[in-house]
Each structure stands twice: as structure tokens, then as C-alpha cells.
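Notes follow the structure.
What follows is calculated from the coordinates using simple rules that are stated; it is not laboratory data. Remember, predicted model here, so these are calculated numbers, not experimental data. Cβ atoms come from the backbone with ideal geometry, glycine included; neighbour counts cover every protein chain shown.
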Amino acid sequence: MNNQEKKFYITTPIYYVTAKPHLGSLYSTLIADALARWNKLLGKKVFFLTGTDEHGQKIAQAAEKAGMAPKAFVDSFVPAYQDAWKQYEIEYSKFIRTTDPEHILAVQKWLEQLQTKGDIYKSVYTGWYCTSDETFVTESADAKVMAGQESSTNNLNAGPVCPSCGRPTQYLSEETYFFKLSAYQEKLLLFYQQNPDFIQPRERFAEVLNFVQAGLKDLSISRTTVSWGIPFPNDSKHVAYVWADALANYITAVGFNTPGSEKEFKFWWPADMQVLGKDIVRFHAVFWPAFLMASDLPMPKRLIVHGWIKMNQQKMSKSFGNVVDPIELGKKYGVEPVRYYLLRQLAITHDSEFDIADLEQRVSSDLANDLGNLLNRLVMLAEKYDAMILEASGPWSGPAVDLRDAGLTMIAQVKEYMNDALIHMALASVWTYINKVNAYFHAQEPWKVAKSNPIAFKEILTATAHALQLVGIVLWPIMPSKMEQLLSSLGVKLDVAHDLEKVELAPWKQKFVLMKIPVLFERPLDKESEKIMKQVQKEATLGHAEALAKAETTPLITIDDFLKVELCIGMIEHAEFVEKSDKLLKLQVDFGPKGKRQIFSGIRKHYAPEELIGKQGTFVFNLQPRKMMGSESHGMMLFAEDATGKLQIVAPRELVPNGTQLR
């Protein structure tokens, strides 16, 4: 690998310090942290930049309202971000502040360079300005005029709505320095054409392309009516407009225009990935590349643009009163379960709904049941039968080889998804594999062969330990402390820079010295109890007559009727979509000694096929077969609907033998 291939430089947006960090800023930072850690696993040198944006009109106004000087005001907020990132195990390389002296000097020098080149000139801006986004807004197709009004210079209260935040704009006339953005329109369009993967996902790319094709106007990059900012070089009346100041942090942080840091800057720039929310995509995909072109600097390789976190179908925002405090969330559920939930549940490609019930379900099902319980069962069995030291010896049996090969396939899939920042898809692949490991462990029944066939017993445990080692390594970027605990239980110390390569090149040759550790993941039972209590209280409020009427409408059956229904536990071995159906999934279910069956289930809107593989569920076993989409379904899977309308699998708390009949 050359120097550029050996390094990985990733950035978050720098966060505006008028409030404490919220779930959206945490989400952006977690994405960057997970990708930074993943690239460390690939053996690369990593630089991960985050920080705070501390200049501009909004800051000045907020500071004045608080009765504080602007610098003292921003100083009071910065620790909240640093403490939150520390709590959430964010392993950044540098925390930049736009009030840092070296950043200020580098920006002033940069603006001088653009002036010398002729890309900056002084004129007067007359038009609409959005204070919230610190941006000048033109009356165009995407800057919608406020409802029921026509915008004009004669009606100063009827300006366009800001296309980024949707808030009203204000009309102003002010002397300002302009950057010749219009001169870079064709260069930008050519760059987009030559670099179709510059913006991910593609939907965001289309928005940017349409915006630039509609025509670019020169960009105001200074203010005279605001004093809180970087003084413009050689003109003390002006301060640098916030986006010219803020965007430059990505290069000043790694040595741009800092004497003695030329080598460092050349090594790290360009950024490999820049993570941001969709509301600031234009600033990063239009203004930022144009600034870099003007400075003859390379473009960042990719912009990773994630959607909004929504709650009750609204963007999470202080103005809507639906924000979630990440500090309290971490205290309640644990930092690493929250890390996992946000990166698994929220798809980076579009807006996603945040829901406490989903969080609890993920912690209970994925973390406590699927992963934590598997480790616990492995160690308990090993301890019971004096097999705490496990060594790979002799040829592996067919099922163990299949499990090993599935693990290598999983790593290849995760690599591909992480390269595209599709962390939620990478985690889905890992959990498909975890389900396969659970299915292998259960099918081999080590508790039965422990005495009759000690060699086979040790192979089952050793194969499972190897599989858990793979899982621990690939999940380390998501849950670093928990995965280090998992690996320590296997007697393995993580070597971040080399372990992934080692398990790929020399798979399943590890010696394990197992050790009992505290429960890896706790189920949030208290929350479930609260839900049950609320339901009980709801039922208790029914009037006597209403409750009686409700009971009378429920048809009663006899015990003989009930005994006719055979309810059995089965494990889903395969699941797939059914063509021409938007409701059905086709399942292949193992019922142990009762055989295997094909069962159709109308759960396509609730589960992806890969989420079901290796899961146990409850099935009506003696249901008369019926034709569905041209094939026969031999049974029915049972579910319970939660408070959000999602169907939850009805399954035993711990794995039981396939084919077990409910009593």
C-alpha cells in the first residue's frame, strides 16, 4: 500500500455550541468513530477529527441573551461535548475549536491567498439571510416563499423560507467580501461527473447536482454587522463569514497553513470520508469543493450524508420538544447497547425513527439473547465438563467447516458494507452469522455428547469459541469495551492492527483459555414491567359493565378444544422473500425429530429474511396445510404485537430442543 492507502482520515461536522449535544450529533459522531475503528482493524493509520463551531451571529446573540462574553459562553459548552464523547467511548484524534489560535491564523492566511489569486472581491450584499443556518438565501425554486405572500424588496417581512432549515429569513443590505463561486460551476459539474461516488447516498447527489445546474451566484464570505468571528485579513471592519471559517477546519486541523506542518498535511489530506447530516449537504458538497478548487487542493474522497433521526414521524429537534438526552439514555441502558442500537437500527441512507421499545427489544433479543447468552452457555458447559482450555486439533467436521467458511464470508460482507459506510447492513450480516452460530451450537447438542464423545464435545466448544472470536473482532468498532470483555472471556487479547488479518489468513488455529465474566448484556426488564403495569392500569379503569361486556364477546373453548392444537418450538433455517407478495416470507423450519417444514408467514413488513435465520419461534404444528402463492404452507408462526405495532417473535427465553411441544 502507498501512503494514501495506509491512512484513513475521517471527520464529523463541527457542532454549533448554543446547546448541549443531542442524539443527532451523537449519531454523526458514532458513525465516524465506528468507521475510524474499523480502519484501525484494517491496519491503517487513522486520524479522526471532531470539534465545535464557535463563531457567528447565533453565538453572539445567545451569549448576549445569557449575559456572557461570546468566548466565555462557548467555553461553557465545550466540556459538555468532550464529556459526552468520552462517555460514549468516542476515540477521536483531535477535538478542534474554531476559536483555536492556530485555526484563526490559518484561516486568515487562506483568505489572503484567495484574495491574491483574485477569487475574493468586495461588494454589497442586498437580499435575504437565514440567521439560524448562517447563510444567504436567494429567491429561487428551492427557497420557498412564505405561505400566502409574495417576496419583494418592498415587503421586507415576506422573504423566502430557508431551504435548509425551513425558518423565515430577514432582509439586509451590507458591505461584504464575495467568493467567486459562480466561476466554479462548470468545474464542479465536471467533478461530479467524474466522481459519481463522491456523495453517498445517491439521492443526496441528485439534489446537489440539480442545485448547481440551476446556476451558482457568488458567495458572501464576510460580515460587518457581526463582530464575533475571525477578523478578515487587512480589513478590521469585516469578520469571516461562518461557513468560510467553519469548513476550513477540516484542513487546518491537519496542518494547512501552519508552519512546520507541511509534511503532516500532505500525508493526511485529502479526507477519506466526511460524515454529515443531510441538512448541511450543500455547504459541504458545493461551497467546500469550490473553496478547495480555488486553493488547488485535492477533493475529499467521499461525503457520507446521513438522514435525520425522527421521533413520532418528526425530525428530532428542540423546537419540536422531542429531543432525547444521550447522557441519560446511556445511563439507563448502557453506553454500548445505545451505540449498537443507533448504528444498527438507523439506516444511514434515509431518515429513521427512534423508539425506546425498539431499543429495548434490540438489547434483549440481539445482545442479551443472541450474543451474551451464547457466550454464557459456552463457558458454563466448558466449566461443567472441565474443558476451559480449548485447542484446535485434527480435521474439523463438516458442520464446523461450514461454520468457519460462513464466518469468512461474513467478514468479506462486512468489509464491503463498511467501505460504503453502510454500518446497519454490516451489522445485519454479523447477526445473520451469530444466528448461524447459535443454530450450530444447538444442533450439535454439546450437553448430550459431553460424556459419550469428549472429542466431539471439545470440537463443538472450540468451533463456537472461534466463531465468537470472529464476532468479537468485527463488532469491536461498534462496542469496543464489551467486545474486549467477550474476547477476554475466550482468553484472547485484542491486537487491533493485526487480528482481523490473522483470522482471515490463518482461520481457526487459536488456543482458548476460557474464563467466566459478569453477564455481558443485561435485559431492560424494568421497562417491560412498566409497560405491563400500564396495561394493567388501563384494564383496571374499565367500568364493570364494560369489562363484563368485553368478556362476554370472547368465545370460550373447552380444554379438549385446546388440546387439539399442537404448539411446537422450531428453528428457522432459511427465510426468503416471496415473489409478487408484499406481505409473505417463506420459511424453512427445523422441528428436530418431527422433521422440517415449509411455512409461509405474513411478516415481510416487520422482518428482513436475514434477521430470522437461526431464530427459534412458536408454531402451530398440526394446522391443515394450505396453498399460498402456488406452494403449500405446513403450519403457522405465532407473534405478539407490541405497543408500536411491530410483531415480536413468541419464543422461549432460552434455547430448547427443536420440536419441543408447549404444555
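List the lysines whose Cα sits under 20 Å from the Cα of K109, skipping any in the same chain fewer than 8 residues away.
K117, K122, K180, K237, K263, K266
Tell me, what ³J(HN,Hα) does each residue in region 93-99 have, in order and in whole Hz, if you take phi through Karplus 6.51 cos²θ - 1.76 cosθ + 1.60 with θ = phi - 60° and put x for Gly and Pro?
Whole-Hz 3J(HN,Hα) from phi for region 93-99: 8, 8, 10, 8, 10, 6, 8.
Helix check for the chain. Which DSSP H runs span at least 18 Å along their own axis by Cα, with a mean Kyte-Doolittle hydropathy no less than 0.5?
454-475
Using the structure shown, list the pairs from K310/K646; K436/K596; K586/K615; K415/K615 with a Cα-Cα distance above 22 Å, or answer none.
Beyond 22 Å: K415/K615.
Rounded to whole Å, give me the distance from the Cα center of region 94-133 to that of region 577-630.
The two parts, judged by their Cα centres, are 60 Å apart.
Note down the magnitude of the dipole of region 555-649 about its Cα centre, charges +1 on Lys and Arg C-beta and -1 on Asp and Glu C-beta and zero elsewhere, to the nearest 20 debye.
Result for region 555-649 is approximately 240 debye, rounded to the nearest 20.
At q = 0.08, 0.09, 0.10, 0.12 Å⁻¹, what is the log10 ratio I(q)/I(0) for the chain, with the Debye formula run over Cα points and no solvent?
Per q value, in the given order, log10 I(q)/I(0) is -0.72, -0.88, -1.02, -1.28.
Which of A62, L343, V437 sits farthest toward the positive end of the charge dipole of the chain, with +1 on the Cβ of Lys and Arg and -1 on the Cβ of Asp and Glu?
V437
So what is the calculated 222 nm ellipticity per residue for the chain, using -39500 (n - 2.57) for each DSSP H run with n of 4 or more, over all residues, to the nearest 500 deg cm²/dmol?
-12500 deg cm²/dmol
As I understand it, the dipole of the chain uses +1 on the Cβ of Lys and Arg and -1 on the Cβ of Asp and Glu, about the Cα centre. Which of L585, W268, N658 lies farthest toward its positive end?
Selected residue: N658.
Evaluate the charge dipole of region 193-335 about its Cα centre and quote only its size in Debye, nearest 20, assuming +1 on the Cβ of each Lys and Arg and -1 on the Cβ of each Asp and Glu.
It comes to approximately 420 debye.
Hey, got the dipole for region 355-513? About the Cα centre, +1 on K and R Cβ, -1 on D and E Cβ, debye to the nearest 20?
Dipole about the Cα centre, nearest 20: 560 debye.
What is the distance, in nm, between label points placed 7 Å from the Cα along the Cα-to-Cβ direction at E262 and at A608?
4.8 nm
Let me have the relative contact order for region 402-517, percent, based on Cα pairs under 8 Å that are six or more residues apart.
After rounding, I find 23 percent.
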